[in-house]
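Since the structure comes first, as structure tokens, the remarks are kept for the end.
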Amino acid sequence: MSTNTASPDYTQAPNNKKLGHIPGEKGWPVVGCLPRLRTDPFGLAKHHWDKYGPVSRINMGPQPGVMALGPDMAQTLLLDSERNFSTRMGYDYALRTFYGDNLLCLDFDEHKFQRRIMQTSFKTPAMRSYVDTMNPILDKGMEQWVFDKKFRFYDNIKELLLRMTCKVFYGVEAEDEGSAELAQAFIDILDAQMGIVRLDMPGTKFHVGKNGQRFLRKYITRLIPLRREGNGTDMLSHMCKETKPDGSFFTDEEIVDHASFLLFAAHDTTTSTLTHMMYYLAIQPEWQERLRVEGERIGKDYLEYEDLAAVTELDACFQEAQRLHPSVSVMARRSIRDCELGGHHIPAHTLIFQYPIFTNRMEQYWSKPHSFDPERFFPERNEHKGHAFCHMPFGGGAHKCIGMHFGAMQAKLFTHQFLRKFEFSLPDG
């Protein structure tokens, strides 16, 4: 329940640090609980849940905030019926620094308005065209893989998906001028996001990442007039031709913010999910074979758009990998005004962290929650329906991922082809 009105300049207010009235712990000096978050996010959340309950105080690096755990807290934060929580300010530190005013860093009416820029990009005709673009790139990429002792799935799928998404998002081919620099800029930005030292000075990862950001923005800006005049089917072409209610185009700055964030949101998340999927399919070969049999029933080297709904066991494996290892293990919001959360007074401008990786493994909702068991998503069990927010691989509420069907589609197209080409297992140990 809100206790006072929001200040109109809440985006300019500093983070609230006065949280001594909420039980919890700071962790290590400077880095707070980040080391454990990176090595054992579930264990960190479970420790707080057992010791302090659904709401507790925590330091995420130098940022003090509140950990809000479980599906009830997720529902309150993500649906946000009273507009108490800012997504923009939750991700200001982590994302706006590199991706500007992207969809995840906009609130309320402005967020709703800016989603218009994506409306054609994720409609059925566009999605069908992406399938036609992605399948041959995946095929060619896998054929070029060399399976020697140095082969690492993560590194190879990351490179392949980056090449594919550059084509789907921007219409850029691997051999185009600047494409290698574009890929490297994106990787440098990802590395910089993980750093604690955030100084744009030579010799720091942050500086390398900011250089990557500057290159990425210039690169996309140069493409905008070409995509606006052309007849491309890539996402950037659709975005460049979207119009506002008055008939005007979105500005170059708006397009660049959204287009640069798309690459991060879709590429890195799918890389993570596929790596975990292949790991579990390697240690449970019976599931590998089940998916292979399901794919044989489709009887095609490539899944077509119309086939995606038919691979139900593949979809269950995708959902289970997301449950065990959600692409976004921590979601962030910041309170706009004084409010109450889980019986605790939350002052205005307090950072709030929600942990899907904990909710996704709560024994109250999942049988053997740490086991890979895709059948839990079958209609006979439907464990994911135990609570509206006990499984939220793509978030929820107004900011639910606009590209969630695209992400699932990427994973299915790749896995279908991979299973038809290869059998795989883990090396000993």
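The values are calculated or read from the model by the stated rules, or taken from the named source; none is laboratory data. Worth saying up front: this structure is predicted, and the values here are computed from it rather than measured. Every residue, glycine among them, receives a Cβ derived from its backbone with ideal geometry; neighbour counts consider all protein chains shown. For the accessible areas, the whole protein counts, side chains as well, though only heavy atoms, and no ligand, DNA or RNA atoms are used. Shrake-Rupley method; radii C 1.70, N 1.55, O 1.52, S 1.80 Å.
Listed residues 255, 224; which is closer than 17 Å to residue 117 by Cβ, crowded, with 20+ Cβ neighbours inside 10 Å, of a type in the set (A, V, I, L, M) and without any contact (Cβ under 8 Å) to a residue 60 or more places away in the chain?
224
Open to solvent by 40 Å² or more (accessible area, probe 1.4 Å) and at pLDDT below 95 - does that describe any residue in the range 359-372?
no
Just to be sure, is residue 200 over 21 Å from residue 134 (Cα atoms) and of a type in the set (Asp, Glu)?
Working: over 21 Å from residue 134 (Cα atoms): yes; of a type in the set (Asp, Glu): yes.
Spelling it out, residue 200 is indeed over 21 Å from residue 134 (Cα atoms) and of a type in the set (Asp, Glu).
Restricting to the range 156-197, give me the number of residues that are in a loop (DSSP other than H, G, I, E, B) and modelled with pLDDT of 85 or more.
Going through the range 156-197 one residue at a time, the tally reaches 3.
Restricting to the range 47-80, give me the number of residues that are part of a helix (DSSP H, G or I), farther than 30 Å from residue 260 by Cβ, open to solvent by less than 10 Å² (accessible area, probe 1.4 Å) and touching a strand residue (DSSP E or B) at 6+ places or on another chain (Cβ under 7 Å).
Qualifying residue count for the region: 1.
One residue is enough: does the range 116-135 have a residue meeting the conditions under 30 Å from residue 15 (Cβ atoms), open to solvent by less than 60 Å² (accessible area, probe 1.4 Å) and at pLDDT 90 or above? It would help to see each step written out before you state the result.
Of all residues in the range 116-135, those under 30 Å from residue 15 (Cβ atoms) come to 117-118.
Remaining after also requiring open to solvent by less than 60 Å² (accessible area, probe 1.4 Å): 117-118.
Subset that is at pLDDT 90 or above: 117-118.
Checked against the condition, which is being under 30 Å from residue 15 (Cβ atoms), open to solvent by less than 60 Å² (accessible area, probe 1.4 Å) and at pLDDT 90 or above, the range 116-135 yields at least one hit.
Could you list, in sequence order, the residues of the range 414-429 that are under 27 Å from residue 304 (Cα atoms) and of a type in the set (S, T, N, Q)? So that I can check it myself, show each step before the final result.
First pass over the range 414-429, keeping only residues under 27 Å from residue 304 (Cα atoms): 414-424.
Of everything in the range 414-429, those that are under 27 Å from residue 304 (Cα atoms) and of a type in the set (S, T, N, Q) turn out to be 415, 417.
Go over the candidates 336, 346 one by one and state the one that is among the β-branched types (Val, Ile, Thr), within 23 Å of residue 46 (Cβ to Cβ) and buried (at least 19 other Cβ atoms within 10 Å of the Cβ). Reasoning before the result, please.
Numbers: 336 fails: within 23 Å of residue 46 (Cβ to Cβ).
Testing whether each residue is among the β-branched types (Val, Ile, Thr), within 23 Å of residue 46 (Cβ to Cβ) and buried (at least 19 other Cβ atoms within 10 Å of the Cβ) leaves just 346.
Can you tell me which of 282, 316, 310 is surrounded by fewer than 18 Cβ atoms within 10 Å (Cβ to Cβ), modelled with pLDDT of 95 or more and closer than 24 Å to residue 158 by Cα?
282
Of all residues in the range 316-329 being touching a helix residue (DSSP H, G or I) at 6+ places or on another chain (Cβ under 6 Å) and in a loop (DSSP other than H, G, I, E, B), which is farthest from residue 107 (Cα to Cα)?
325
Please state which of the following conditions residue 83 fails to meet, knowing it meets all the rest: (1) in contact with a Pro (Cβ under 6 Å, 6 or more places away or on another chain); (2) open to solvent by 20 Å² or more (accessible area, probe 1.4 Å).
That leaves (1) as the condition not met.
Return only the number of the condition from (1) over 23 Å from the mean Cα position of the chain (by Cα); (2) open to solvent by less than 60 Å² (accessible area, probe 1.4 Å) that residue 198 does not satisfy.
(1)
So which residues in the range 319-332 are of a type outside the set (S, T, N, Q) and out of contact with any Ser or Thr (no Cβ under 6 Å at 6 or more places or on another chain)? Give the steps one after another, and end with the answer.
From the range 319-332, those of a type outside the set (S, T, N, Q) are 320-321, 323-326, 328, 330-332; that's our starting set.
Within the range 319-332, 320, 323, 324, 325, 326, 328, 330, 331, 332 meet the criteria.
Would you check if residue 276 is surrounded by 16 or more Cβ atoms within 10 Å (Cβ to Cβ) and farther than 30 Å from residue 313 by Cα?
Values: surrounded by 16 or more Cβ atoms within 10 Å (Cβ to Cβ): yes; farther than 30 Å from residue 313 by Cα: no.
No.
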